[in-house]
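Right, one structure below, let's go through it.
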Amino acid sequence: MSDDPRRHIRAPQQIKHLNDDLLARRDRGELPFELPVLTVPGRRSGTPRHTPLTVYATGGKRFVVGGFPGADWIVNVRAAGGRATLSTGPDADPEPVVLVEVPPEQARPVLEAWPQVTPEGVGIMVENGVVAEPTPEALGALTGICPVFRIDPAR
């Protein structure tokens, strides 16, 4: 699996534009929902990078999926040792967190749940060749390709 070319799929430009639009609308208070935003220093510049993410809460734990395994936010999180902040609104205090990449046996159930958690996000993964179909089985097969991170409070 380590040679799977899907490991290097980066977020398409449309996602970057969508994220910029979401962040701007969030900052203006125009969103009818809370938008979790991960902030992590850029691996080269050190400049804070803001990425809207879908957070999945289950069993008292929170998770995020790297739907585009070559995405900058994933590389930045790894370079930062998992240290980041998570905020849900423009006026919310950022929560210091540590993103811990989980082993395959913990990643698979999160990936299998992902089509229910974010059908739109999975649709974009299908459109961009990360996965062939938006089913729990297809997403579960991405174990070891798409990273899954548990969000822990920073200590």
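What to note about this one:
- Across the chain, the relative contact order, built from alpha-carbon pairs under 8 Å that are at least six residues apart, equals 28 percent.
- At R0 = 22 Å, FRET efficiency that the Cβ-Cβ distance of ASP21 and GLN116 yields, to 0.05: 0.30
- Computed from Cα atoms alone, the Kirkwood hydrodynamic radius reported for the chain is 15.9 Å.
- By average C-beta atoms within 10 angstrom, highest first, the peptides 36-44, 61-69: 61-69, 36-44
- Chain lengthening between THR47 and THR88 when straightened (0.36 nm per residue, less Cα-Cα): 12.8 nm
- Rg/Rh (Cα only; Kirkwood hydrodynamic radius) as it applies to region 3-73: 1.00
- Applying Stokes-Einstein at 20 °C and 1.002 mPa s to the Kirkwood radius of region 109-155, computed over alpha-carbon pairs, gives a translational diffusion coefficient of 193 µm² s⁻¹.
- Taking Cα centre as origin and charging only the Cβ of basic (Lys, Arg, +1) and acidic (Asp, Glu, -1) residues, the dipole magnitude of region 5-153 rounds to 560 debye.
- Taking label positions 7 Å along the Cα-Cβ direction at both ALA79 and ARG7, the computed distance is 1.9 nm, reported to one decimal.
No value in this document is a laboratory result; all are computed from the given coordinates. If you're wondering where the values come from, they're calculated on a predicted model, not measured in any experiment. Reconstructed Cβ throughout: ideal geometry from the backbone, glycine too, with neighbour counts over all protein chains shown.
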